[in-house]
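The values are calculated or read from the model by the stated rules, or taken from the named source; none is laboratory data. The structure displayed is predicted, hence computed values, not measured ones. Here the Cβ is made from the backbone with ideal geometry for all residues, glycine too, and neighbour counts use every protein chain on show. Note: areas computed on protein heavy atoms with side chains; ligands, DNA, RNA excluded. Shrake-Rupley method; radii C 1.70, N 1.55, O 1.52, S 1.80 Å.
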Amino acid sequence: MKPFPRPSIRRAVIVVPSLFTLFNLFFGIWSMVLASRGDFYRAGWYILVGGILDVLDGRVARLSRTGTRFGAELDSLVDVVTFGVAPAFLIYKLEFAAAGAAEWIFCYFYVMAATIRLARFNITQAGHSKRHFVGLPSPAAGITLATFYPFTTTDLYREAFRYLPRHHTMQLLMILLTILMVSNVRYAALPRAGLRTVRVVLGLATVLFVLGFGLLEHDAFFFPLGVAYLAYGVLRAILVGFPAEEQIEADAADIAGPIGITHGETSGHAYGERLGVIAPRRGGAGRE
């Protein structure tokens with residue numbers, strides 16, 4: 001009689017990061033369902049929840065050393081839905097559905113750019129952590145679009161931006177996000193938070209600042225933060241210039257700590273994208 005197989009603790013641990021990724025997908029789909037029902041406010045915030053889960057699955061995978069190629073590919077497919085299709089569908093229902101027969105093309109190009117961005121970095125190996133992304137990260141672009149409608153409900157929007165043509169402004173924003181995602185403009189990664197060095201202490205202060213204002217003034221805070229982040233990259237490119245082609249080759253691996261549910265060795269040089277969470281190459285150094 002064969003002995004009853006013992007449950008593999010390692011396999012159970014590997015599953016946990018993938019659950020974060022699949023919940024990320026759940027909130028992306030749920031956002032589209034809500035947008036189809038006209039509930040644009042909640043639809044936008046569920047994309048932001050997906051962004052939080054996108055960060056957490058990479059952190060969990062890195063801490064548990066359970067990254068795999070499968071998990072990285074899964075993450076990228078989910079990111080296309082949550083930060084590509086879902087924000088584009090939300091903005092289409094909000095702004096473009098009743099604006100003309102061809103207005104949907106803005107949403108198509110946005111989703112196309114998000115897909116190209118993820119595919120572009122999925123084929124690039126990374127052996128060490130990165131402090132910058134080349135091109136606007138798709139989660140940042142998606143969350144910027146997702147938080148637009150909550151921002152329009154605030155007094156700040158009604159007082160400071162009431163004279164702006166809202167529809168044309170959204171068209172311009174869609175074009176800018178599309179271009180920046182596939183550009184060579186550099187963007188800073190999510191800072192590390194901790195207490196060991198001055199840099200990580202500043203990172204902790206930044207995270208606490210975002211969390212504090214995000215909780216207290218979420219409607220009026222996140223959309224301007226997203227616009228400031230994309231403007232930061234453009235201004236930096238104007239002042240400092242674009243990185244050299246060889247440097248882009250080395251820096252193009254803006255990938256996350258990969259995740260998966262496969263049975264086997266973890267792969268530190270897998271593919272994917274995350275808001276600043278990266279798994280080191282096996283046997284190599286991690287993020288400094």
(request) Among residues belonging to the range 21-41 that are farther than 22 Å from residue 95 by Cβ and aliphatic (A, V, I, L, M), point out the one that is most open to solvent (accessible area, probe 1.4 Å). (result) 22
(request) Would you please name the residue that is modelled with the highest pLDDT, looking only at residues in the range 189-236 that are charged (D, E, K, R) and buried (at least 16 other Cβ atoms within 10 Å of the Cβ)? (result) 219
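Looking at 100, 71, 51, 67, can you tell me which residue is touching a Leu at 6+ places or on another chain (Cβ under 8 Å) and either open to solvent by less than 60 Å² (accessible area, probe 1.4 Å) or modelled with pLDDT of 95 or more (or both)?
Numbers: 100 fails: touching a Leu at 6+ places or on another chain (Cβ under 8 Å); 71 fails: touching a Leu at 6+ places or on another chain (Cβ under 8 Å); 67 fails: touching a Leu at 6+ places or on another chain (Cβ under 8 Å).
Result: 51 is the single residue among 100, 71, 51, 67 that is touching a Leu at 6+ places or on another chain (Cβ under 8 Å) and either open to solvent by less than 60 Å² (accessible area, probe 1.4 Å) or modelled with pLDDT of 95 or more (or both).
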(message) So the check is Cβ under 9 Å with 6+ separation or different chains; which pairs have a first residue in the range 113-134 that's polar (S, T, N, Q) and a second one that's modelled with pLDDT of 85 or more and not in a loop (DSSP other than H, G, I, E, B)?
(response) 115/80; 115/84; 115/138; 122/76
(request) May I ask you to list the residues in the range 159-188 that are open to solvent by 50 Å² or more (accessible area, probe 1.4 Å) and of a type in the set (Val, Ile, Thr)? (result) 169, 175, 179, 182
(message) Out of 91, 116, I need the residue that is assigned to a helix (DSSP H, G or I) and at pLDDT 95 or above. Which one?
(response) 91
